[in-house]
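Trainee: One structure is given below, represented as structure tokens, and several questions about it will come after.
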Amino acid sequence: MSVMATPCFVANWKMNKTLSEACDYLAHLQQGLKQEACKALEMILAPSYVILAAVAEQIRQLSLPIALAAQNLHHKTGGAYTGEVSGTMLREAGCRYVIIGHSERRVYFGETDAIIAEKVAVARGLGLVPILCVGESAEERENHKTELVVRRQLQVGLELSNSESASSRSDINLSDCLIAYEPVWAIGSGKTPTSAEVEQVHCTMISCMKSAGVLEERMPRLLYGGSVDEKNIATLMKEPHVDGVLAGGASLAAERFMTIMELGRRAKNL
Ligand code: PGA
């Protein structure tokens, strides 16, 4: 995405926060959010399914400039799938975004690239913005497979052609998607790649999408995720192709998330 893209900060709460805790969090945001941040940034919260609708209502009542993401969706639009949640339900609950292919879904729940591609297509078809997560494991990194893995996850997840077969297609529009580069080994570990390594992977993703025919102005915004905190946010956000972050642990306290957004905003000179 271009240097001028609105920076995006996603708080992935994972399996944390009851409704009362979420309301308390929103009250803190209402007290502490700076005008400048509200104008310059896009803020997205990803609570658990069961509190989505109530959190949406609370956001509306407090007039907060915050969008909602679900942490997952089912790859079918409806039917006999006990325990699952469809994109239509998520839209009606107030979601604009949906996280897809998080490594915790891939690893603990066996989600494959093919299922993830179906989820991305279903979400887009329903007007939800997918936040597609990609990233290599520790072993893949040690074996210098990072680029290979990220390219494959991106190509399959977004149903892009690979460079050899790329025709002159220039109609692919991915500006309604977000991509989060999240190295599996960096999630919840306190370890992160250097900002230069993140930038390099983001550039690889851009070249992968370019060779599939995606024009510059139709690129998705590119986020980084994995142990983002107050100490590393500024360095990460200074990279030209880091358009935002997906934060887990450090997003659980409203004050910490606001500090991260503030430092990120300043790093982008906004
Ligand atoms: P973390 O999680 O910030 O706690 O590493 C990020 C994520 O899983 O999206």
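Values in this text are rule-based calculations from the coordinates and carry no lab data. This structure is a prediction, so every number in the text was calculated from the model and none was measured. Reconstructed Cβ throughout: ideal geometry from the backbone, glycine too, with neighbour counts over all protein chains shown.
Trainee: Could you look through the range 1-37, keep only residues that are assigned to a loop (DSSP other than H, G, I, E, B), hydrophobic (A, V, I, L, M, F, W, C) and touching a helix residue (DSSP H, G or I) at 6+ places or on another chain (Cβ under 9 Å), and pick out the one that is nearest to Glu239 (Cα to Cα)?
Mentor: That would be Met1.
Trainee: Consider the range 213-235. How many of its residues are within 15 Å of the ligand (Cβ to nearest atom), surrounded by fewer than 22 Cβ atoms within 10 Å (Cβ to Cβ) and within 17 Å of Ala37 (Cβ to Cβ)?
Mentor: Number of matching residues: 1.
Trainee: Please list, ordered by residue number, the helices (runs of 4 or more DSSP H) wholly in the range 100-165 having 2 or more residues that are out of contact with any strand residue (DSSP E or B) (no Cβ under 6 Å at 6 or more places or on another chain) and of a type in the set (Ser, Thr, Tyr).
Mentor: Correct list: 103-108.
Every residue, every condition in (1) in contact with a strand residue (DSSP E or B) (Cβ under 6 Å, 6 or more places away or on another chain); (2) loosely packed, with under 14 Cβ neighbours inside 10 Å; (3) in a loop (DSSP other than H, G, I, E, B); (4) free of Cβ contacts under 8 Å to residues at least 60 places away in the same chain, yes or no:
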residue	(1), (2), (3), (4)
Lys39	no, yes, no, yes
Met43	yes, no, no, no
Ala54	no, no, no, yes
Gln58	no, no, no, yes
Leu64	no, no, yes, yes
Ala67	yes, no, no, yes
Asn72	no, no, yes, yes
Lys76	no, no, yes, yes
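Trainee: Going by the structure shown, is Glu255 over 15 Å from the mean Cα position of the chain (by Cα), assigned to a loop (DSSP other than H, G, I, E, B) and surrounded by fewer than 23 Cβ atoms within 10 Å (Cβ to Cβ)?
Mentor: In short, no.
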